[in-house]
Amino acid sequence: MTTTTETYGVDPTASPLALLLLGREADPNSERGVECPGDLPAASDPDLVARARAAKEKLGDRVFILGHHYQRDEVIEFADVTGDSFKLARDAAARPEAEYIVFCGVHFMAESADILTSERQQVVLPDLAAGCSMADMATAEQVAECWDVLTDAGIADVTVPVSYMNSSADIKAFTGKHGGTICTSSNARRALEWAFEQGQKVLFLPDQHLGRNTAVLEMGFSLEDCVLYNPHKPNGGLTAEQLRDAKMILWRGHCSVHGRFSLDSVNEVRERIPGVNVLVHPECRHEVVTAADQVGSTEYIIKALDAAEPGSKWAIGTELNLVRRLAKAHPDKDVVFLDRTVCFCSTMNRIDLPHLVWALESLAEGRVPNVITVDAETEKYAKAALDRMLALP
């Protein structure tokens, strides 16, 4: 696939929004901060690749670099392993000899790695502004208030929280403390089946779409069985009767990337490319998922392309860095981005080569920057929720 402005609808004008989407500007209202002690190398530095290699070589087995699938190619080049967030956290835990885990991903992923790794290991996030809009849509205070609403409605004792891996350590801890479990996009059905064996209802956090799509398309629930809890409205915008009648109480959160895809995107690509297979992530909206040919996690998408017939045509509904990488890896197939407009994960995209070089050189010089640490109480309950997921059949 040739990357052109026609293919992706990328506006070459460097508007503030475009720069934010590309990870080159900050949103002071939502991001944690981007300051780096010391000098951040310039993106134009021709020696960045050589500097990254030299710092990594100097550190040797003391450092282990994790690269999420949505990272830039320039960062993935230096990753020791690539994968989704949970796979990477487990990979880090399996490398106890590494003193430093450099997580090229986003904040909640680094938190999960800190929870699963040993106390002697330190997890480093090259840019603290690499957050997750979805994870930030559910705060500990909001979820505690929600639980009070469920208690007042008389259903808290029959409700089991299930939280998506794409959540903060605080939300994972809430889930563990209230007898719930974590899920990934790959095992969401198993997690929900387990939860309904424990109770009568599920509070699904923080991605409404994964919860709805799994319950309705995989488990036989109806859309009427699902209600949407809005933390910005009194009582979540729901009556006690609505809560008591519901089986799935969905948090009003979503992925800013996957939420951009629309039914129009699917219809347009089918008209433009006859015979195309539409493959989307379950974080997409319900109408997009129901209109697609296949639905699956990031790992599922990668495996589907690996197994696809030469000459087949694919429109992929997930983050653009991964779609471009898949197209490059499969030149015998026609692989395009589902939507015509750019859809980078703006915060994931903040981890660039200058930040990676800065982090590695700091470590090589004996300074440990941007350490992500989860406090003991939060870690205890978050790990309990993660352990329940690991015990799922």
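3J(HN,Hα) along region 177-192, derived from phi through the Karplus expression 6.51 cos²θ - 1.76 cosθ + 1.60 where θ = phi - 60°, amounts to 5, 9, x, x, 9, 9, 9, 10, 5, 7, 10, 4, 5, 4, 5, 5 Hz, with x in place of Gly and Pro. Matching the structure-derived Cα extents along the principal axes in Å against the labelled list (1) 61, 43, 41; (2) 95, 43, 38; (3) 63, 55, 40 gives the label (3). Relative to the current alpha-carbon distance between D61 and D39, full extension at 0.36 nm per residue lengthens the span by 5.4 nm. Between D47 and R90, the simple label model (points 7 Å from Cα in the Cβ direction) yields a spacing of 4.2 nm. A crude spin-label estimate for the pair T151 and A54, with each label 7 Å from Cα along the Cβ direction, gives 5.9 nm. The N230 and E299 beta-carbon pair, evaluated with R₀ = 41 Å, returns a calculated FRET efficiency of approximately 0.85. Restriction of the trypsin sites (Lys or Arg not before Pro) in region 265-297 to DSSP coil positions whose beta-carbon has at most 16 other beta-carbons within 10 angstrom yields no sites. A simple rule links phi to the HN-Hα coupling: the Karplus curve 6.51 cos²θ - 1.76 cosθ + 1.60 with θ = phi - 60°, which for region 200-211 gives 9, 9, 10, 9, 9, 10, x, 9, 4, 6, 4, x Hz, with x for Gly and Pro.
Looking at the chain, the DSSP beta bridges with both ends there are about 5 percent antiparallel.
Note on A144 and Q200: their simple-model spin labels are 2.8 nm apart, each label 7 Å out from Cα toward Cβ.
Distance from the alpha carbon centroid of region 311-332 to that of region 216-235 works out to 32 angstrom. Segment A240..E268, full-extension length gain: 5.9 nm, with 0.36 nm per residue of separation and the alpha-carbon distance subtracted.
Taking other residues whose beta carbon is less than 9 angstrom from the beta carbon of G311, and scoring Lys, Arg as +1 and Asp, Glu as -1, yields -1. Looking at region 356-393, the GluC sites (Glu not before Pro) that sit in a DSSP loop and have at most 15 other Cβ atoms within 10 Å of their own Cβ are E365. Among beta bridges identified by DSSP and lying wholly in region 267-382, the antiparallel ones come to about 0 percent. Using the Karplus relation 6.51 cos²θ - 1.76 cosθ + 1.60 with θ = phi - 60°, the per-residue 3J(HN,Hα) values for region 236-246 come to x, x, 10, 8, 4, 5, 4, 5, 5, 7, 6 Hz, with x marking Gly and Pro. Counted by Cβ distance under 15 Å from H254, the other residues give a net charge of -1, where Lys and Arg count +1 and Asp and Glu count -1. Taking a ≥ b ≥ c as the square roots of the eigenvalues of the Cα gyration tensor, an a/c ratio of 1.5 or more together with a/b larger than b/c marks region 191-322 as prolate.
Go through region 99-208 and name the trypsin sites (Lys or Arg not before Pro) that are in a DSSP coil and have 12 or fewer other Cβ atoms within 10 Å of their Cβ. Hits after loop and neighbour filter: R120. Per DSSP H run of n ≥ 4, the term is -39500 (n - 2.57); total these for the chain, divide by its residue number, and report the mean residue ellipticity at 222 nm rounded to 500 deg cm²/dmol. My calculation for the chain gives -11000 deg cm²/dmol from helical runs alone. For the chain, the number of Lys pairs separated by eight or more positions or lying on different chains, with C-alpha atoms closer than 17 Å, is 14.
Coordinate-derived values only; no laboratory data. Since we're looking at a predicted model, the values are computed, not measured. Heads up, the Cβs are rebuilt from the backbone with ideal geometry, glycines too, and the neighbour counts pull from every protein chain shown.
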